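One structure below.
The values are calculated or read from the model by the stated rules, or taken from the named source; none is laboratory data. The model shown is predicted, which means the values in this text are computed figures rather than measured ones. In this analysis, Cβ positions are derived from the backbone assuming ideal geometry, glycine residues included, and neighbour counts consider all displayed protein chains. With ligands, DNA and RNA removed, areas are computed over all heavy atoms of the protein, side chains included. Shrake-Rupley method; radii C 1.70, N 1.55, O 1.52, S 1.80 Å.
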Amino acid sequence: MHHLTRLIEFEASHRYWNPEFSEADNHRTFGKCVSPSGHGHNYVLRVTLSGKVDERTGMVINITELDRILKEVSAEFDHKFINLDHPAFATRIPTTENLAAYMRDAVEEKLASQNHPHRLFRVTLYEEPTLYADVFSGEGRNMASLTKTFGFSAAHRLHSSTLSEEENKAVFGKCNNLHGHGHNYELEVTVHGEIDPRTGMIFDLGQLMHVVDEEIIARFDHKHLNEDTAEFRSLNPTGENIVKVIWDLLNPKLSGHLTRIGLWETPKNFFEYYGH
């Protein structure tokens, strides 16, 4: 089975507001997103199809046909105030999760109406480069994942107490430098769950940001991991160990919603941990 991903960009504005909430509850739940005039984003919609390769064309689907579908779906939102200009969101809060779910359904409907043999696999919607939602075909109409990216700067030294000095130098090379070295880490935190119809979210984004800031950023930012943190006092701070430690710190605070930790150490080094 092959997978093909195509993307399209569009610009739109929106507002988060639940008329059943009090003004105080709306502000507490949605923060700055409650502004009556709205705010906006440069959205990026990525659609992944799965299917067999057509022996005649060598393609899963003609890109021109897929582009037409994506343009039709994104045109419903492009240069619009979503709450006021799209009937599906007159009462449905246009969160990243809700928008991605709507677009998944719209793409699936267009594929089905034209008897395409291809199956929609995933829709990813970027609200901004550091925030995106994933929805999958067949997972459940109200299930979604949300990924938020955070940054912290830290130093570390790769050194294992179970290895000799010579072995450490041979295994870790320059990263075994006695005084350490550092990175601008980019941390990806993914939560998964059912979209709450009252908020349009699977998890309170403000709470997620608070938990990560309190448990990870405050703990590791502008620190030497080996010297300044209890977690790595005796644990070698490799990328593999860092993502596991971050998982263990966040998982108890995220009510079972945490599904993935991703960590960019450099543009060439990326680590992930899924908790199993």
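Across the stretch 160-276, Cα pairs under 8 Å and at least six residues apart give a relative contact order of 30 percent. Once you order the gyration tensor axes a ≥ b ≥ c over the Cα atoms, which shape class does the chain get: rounded for a/c under 1.5, otherwise prolate or oblate by comparing a/b with b/c? In terms of gyration-tensor shape, oblate. Restricting attention to the stretch 1-159, lysine pairs at least eight places apart or on different chains and with alpha-carbon atoms under 24 angstrom apart total 7.
Across the chain, the relative contact order, built from alpha-carbon pairs under 8 Å that are at least six residues apart, equals 16 percent. Counting only Cβ charges, +1 for Lys and Arg and -1 for Asp and Glu, the dipole size of the stretch 156-216 around its Cα centre is about 300 debye. The shape of the stretch 33-175 comes out oblate: with a ≥ b ≥ c from the C-alpha gyration tensor, a/c is at least 1.5 while a/b does not beat b/c.
Note on Asp25 and Glu139: with the Förster distance fixed at 25 Å, the Cβ-Cβ geometry gives a FRET efficiency of about 0.25.
Using a probe radius of 1.4 angstrom, the carbon and sulfur fraction of the accessible surface of the chain is 51%. Heavy atoms of the protein chains alone define the surface here; on that basis the chain has 52 Å² accessible area per residue at 1.4 Å probe size. Taking Lys and Arg as +1 and Asp and Glu as -1, the other residues whose beta-carbon sits under 12 Å from that of Pro237 total -1. Positive-end ranking of Phe21, Ile82, Ala106 along the dipole of the stretch 1-128, with charges on Cβ about the Cα centre, is headed by Ala106. Averaging the sequence gap over all C-alpha pairs within less than 8 Å and six or more residues apart, then dividing by the number of residues, gives the stretch 14-121 a relative contact order of 33 percent.
Could you sort Ser153, Ser22, Ser50 by their accessible area in this structure, using a 1.4 Å probe and putting the largest first?
On the way: Ser153 35, Ser22 55, Ser50 5 Å².
Ranked list, largest accessible area first: Ser22, Ser153, Ser50.
Spatial offset of the stretch 26-82 relative to the stretch 178-244 amounts to 29 Å, using the alpha carbon center of each. Taking every DSSP helix (H) stretch of at least 4 residues in the chain, weighting each as -39,500 (n - 2.57) and dividing the sum by the residue count yields a mean residue ellipticity at 222 nm of -8000 deg cm²/dmol.
Trypsin sites (Lys or Arg not before Pro), restricted to the stretch 175-239: which are DSSP loop and have at most 14 other Cβ atoms within 10 Å? Mind dumping the intermediate values first?
Values: sites: Arg198, Arg219, Lys223, Arg233; in loops: Arg198, Arg233.
Answer by residue number: Arg198, Arg233.
Rounded to the nearest 5, the antiparallel percentage of DSSP beta bridges internal to the chain is 95%.
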